[in-house]
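S.K.: Pasting a structure below so you can have a look.
The values are calculated or read from the model by the stated rules, or taken from the named source; none is laboratory data. Since we're looking at a predicted model, the values are computed, not measured. Glycine gets a Cβ as well: all are built from the backbone with ideal geometry, and neighbour counts include every protein chain shown.
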Amino acid sequence: MSNRFSLNELDAILQIIAAASKKGAFEGPDLPTVGAVWQRVVEVSKATAELEAAALKAAEEAEAKNKPKG
């Protein structure tokens, strides 16, 4: 098992925070911390998506390069 979150798991975390916030689970003093966690999860999610896209592109380019011509 990986010690990293998948994009689906990061999305689920954001959905949980949004649902809890909508239901009033957080009080005023909690909001800066909740907002900071939200922003960090968004940043990690974007970075992870970019890394995955770059890895996929590199794999596709390597496959195309190694494909026999003919």
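S.K.: Cβ contacts < 7 Å: first residue over 18 Å from VAL34 (Cβ atoms), restricted to segment 1-14; second residue part of a helix (DSSP H, G or I) and hydroxyl-bearing (Ser, Thr, Tyr), any location; separation 6+ or different chain. Result?
M.R.: From residues that are over 18 Å from VAL34 (Cβ atoms), the pairs are LEU7/SER45; LEU7/THR48.
S.K.: Filter segment 38-70 down to the residues that are outside any helix (DSSP H, G or I) and of a type in the set (Gly, Ala, Ser) and list them by number.
M.R.: Residue satisfying the conditions is GLY70 alone.
S.K.: Moving on to the next point. For GLU9, only one of the following conditions fails: (1) surrounded by 10 or more Cβ atoms within 10 Å (Cβ to Cβ); (2) over 19 Å from the mean Cα position of the chain (by Cα). What is its number?
M.R.: Condition not satisfied by GLU9: (2).
S.K.: Which one of these does SER2 not meet: (1) part of a helix (DSSP H, G or I); (2) exposed (fewer than 11 other Cβ atoms within 10 Å of the Cβ)?
M.R.: Unmet condition: (1).
S.K.: Continuing with this model, one more query. Using the structure shown, decide if GLY24 is on the phi > 0 side of the Ramachandran plot and modelled with pLDDT under 95.
M.R.: Criteria not met by GLY24.
S.K.: Name the one entry in ALA64, ALA20 that is surrounded by 10 or more Cβ atoms within 10 Å (Cβ to Cβ) and free of Cβ contacts under 8 Å to residues at least 40 places away in the same chain.
M.R.: Going through ALA64, ALA20 in turn, the sole match is ALA20.
S.K.: Within segment 41-50, track down each residue that is of a type outside the set (Val, Ile, Thr) and either surrounded by 12 or more Cβ atoms within 10 Å (Cβ to Cβ) or more than 10 Å from the chain's Cα centre (by Cα) (or both).
M.R.: The answer is SER45, LYS46, ALA49.
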